[in-house]
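Derivation of every value follows stated rules applied to the coordinates shown; laboratory data play no part. Computed from a predicted structure; not experimentally measured. Neighbour counts run over all protein chains shown; Cβ positions are idealised from the backbone, glycine included.
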Amino acid sequence: MRLFHLRSVDWLDSQLIYHAQARLGIEGINILAPSTPYVCIGYHQNLAQEVDLEYCKAHDIPVFRREVGGGAVFLDGDQIFYQIVLHKDNPLVRGDKADLYKLLLEPVAQTYADLGIPSQYRPVNDVVTLEGRKISGTGAAEIGDSIVLVGNLIADFDYETMTRVLRIPDEKYRDKVFKSMRENLTTIKREIGQVPTWDAMAGPLIRNYESIFGTLEAVELPDEVRREAEVLKPQFLSQDWLFKRRTAGKQEGIKIATGVNVINRAHKAPGGLIRALFELKDEVIFQVSLSGDYFCYPQDTVSRLEAALEGKAVSDLPDLIEAFYQDEDFETPGISPQDWVKVLVG
């Protein structure tokens with residue numbers, strides 16, 4: 001397995017490189033960090049609902065939509081990214097996705113332990129301290145003919161900016177978010193009182209991944225990956241891509257007319273937060289949009305689920321969604337058909 005130890009790179013390259021690599025089917029592990037901060041949202045998220053775009057613009061913080069599930073996050077040079085790209089034919093990726101997460105995240109937990117922070121893998125895709133505080137953000141996706149898992153070692157974290165870039169309706173709620181984040185998300189600096197050197201963090205991570213992949217050969221990133229990244233840049237910087245799940249600014253439970261309501265509902269499932277925005281006419285669903293910070297395989301299946309729900313009675317949804325999962329061979333780790341029923345039916 002090849003190791004692309006890139007260290008500090010342009011913020012945009014910190015995302016485009018693995019997207020290009022996956023499309024080209026070039027396996028490897030990338031170790032890098034962005035040279036400047038940015039906000040990154042998950043593939044299925046609604047940008048206008050999740051991010052305070054006015055704040056980001058005023059503070060020159062760019063926003064990127066990745067092809068990986070999960071939630072919106074503030075990223076900067078205080079986090080070392082690990083990005084693993086494996087071809088779908090690689091024996092390691094066969095079987096259940098949850099098993100793959102466990103395989104690829106246990107070395108991260110061991111790395112934290114090596115740094116003096118006993119940690120463990122927690123399904124579906126978390127690494128937490130023994131006290132239960134999250135200490136690594138992760139995501140996964142199918143891109144091209146590749147499986148990608150990305151995550152970070154969090155040396156330090158700007159909690160205040162993170163709570164500012166999120167779209168939060170009022171300051172009281174923002175304060176609660178900030179306090180909860182401080183309580184439930186920790187960093188290397190908070191746990192051991194200092195930020196280790198780059199090599200002190202990246203070295204153990206590389207060694208622990210060698211327990212899975214064998215010797216990692218440190219090589220230069222192929223020129224073809226950089227060329228592909230340049231090709232992808234216009235797409236990923238386009239407004240169409242950034243706002244791909246944009247919907248009208250309707251609020252939860254607005255009554256339009258007798259028997260007609262617009263519903264905006266969220267449900268926290270084990271695999272992530274899921275949202276449903278739809279119009280309800282006499283207990284029949286129309287114009288449904290499903291978003292959130294979940295992961296799904298194949299990537300575009302949620303769009304087909306949205307289409308399948310159009311014009312269906314709420315009472316029919318449990319059976320319909322169960323049948324959809326069976327017919328489409330649909331995987332959403334940590335999210336069951338019953339979770340969709342909860343967010344759609346309440």
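Side notes on the structure shown:
- Asp60 meets each of the listed conditions (1) closer than 18 Å to Val148 by Cα; (2) surrounded by fewer than 23 Cβ atoms within 10 Å (Cβ to Cβ) apart from (1).
- Selection count, region 331-341, where residues are in contact (Cβ under 8 Å) with a residue 40 or more places away in the chain and buried (at least 17 other Cβ atoms within 10 Å of the Cβ): 6
- Hits in region 208-230 - residues which are of a type in the set (Ser, Thr, Tyr) and exposed (fewer than 15 other Cβ atoms within 10 Å of the Cβ): Ser211, Thr215
- Filter result for Leu100 (over 25 Å from Ser291 (Cα atoms) and either surrounded by fewer than 20 Cβ atoms within 10 Å (Cβ to Cβ) or not small (Gly, Ala, Ser) (or both)): no
- Among the residues of region 34-52, those identified as free of Cβ contacts under 8 Å to residues at least 60 places away in the same chain and over 16 Å from the mean Cα position of the chain (by Cα) are Pro34, Ser35, Thr36.
- The selection criterion, being within 27 Å of Gln21 (Cβ to Cβ) and touching a residue at least 40 places away in the same chain (Cβ under 8 Å), holds for Glu217.
- Number of residues in region 161-206 that are more than 19 Å from Val73 (Cβ to Cβ), charged (D, E, K, R) and either touching a Phe, Trp or Tyr at 6+ places or on another chain (Cβ under 6 Å) or without any contact (Cβ under 8 Å) to a residue 60 or more places away in the chain (or both): the value is 5.
- Of all residues making up region 315-330, the number that are crowded, with 16+ Cβ neighbours inside 10 Å and either hydroxyl-bearing (Ser, Thr, Tyr) or outside any loop (DSSP other than H, G, I, E, B) (or both): 5
- Residue in region 231-240 that is among the hydroxyl-bearing types (Ser, Thr, Tyr) and either surrounded by 15 or more Cβ atoms within 10 Å (Cβ to Cβ) or more than 22 Å from Val9 (Cα to Cα) (or both) present: no
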